[in-house]
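Reading through the structure tokens given below for one structure.
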Amino acid sequence: MAENPNREEELARREALLAQREAQLEKEQAAFEAAKAQSETGKKKLLNNNDPDFVNPKEKLYDKFPLTVHQMDIIIGVLFALILLFLVLGFTHTSFFGLFGG
């Protein structure tokens, strides 16, 4: 029975140490998250000057064209097919207008 009080004291000591480590880890995690959030929002780039309402020019351009993702995929597919068509025609030395007339 002499072992039992020592064992309980050891367990209590380990639990206190574990709780202390968990508190330290949570504190470090919170500091890391705060630093990460601050660095993402506080990045000064060439154009934004830390303005929180800044919208990049490319996004402004996209906002002018009310297209869905599916419509953009179709447009990109058509443009990609045209690029391939002109590459093939260029390598075979065939005129684009020669495809339509006889």
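Quick note: the coordinates plus some simple rules give every number you see, no bench work behind them. Not measured: the values here are computed from a predicted model.
Apply the Karplus parameterisation 6.51 cos²θ - 1.76 cosθ + 1.60, with θ equal to phi minus 60°, to every residue of region 81-93 and state each ³J(HN,Hα) to the nearest whole Hz, in sequence, with x for glycine and proline.
5, 5, 4, 4, 4, 5, 5, 5, 5, x, 6, 8, 6
Contour minus end-to-end for residue 96 and residue 6, with contour as 0.36 nm per residue of separation and end-to-end as the Cα-Cα distance? Each step should come with its number before you reach the end.
On the way: separation 90, 0.36 × 90 = 32.40 nm, distance 9.17 nm.
Computed gain between residue 96 and residue 6 is 23.2 nm.
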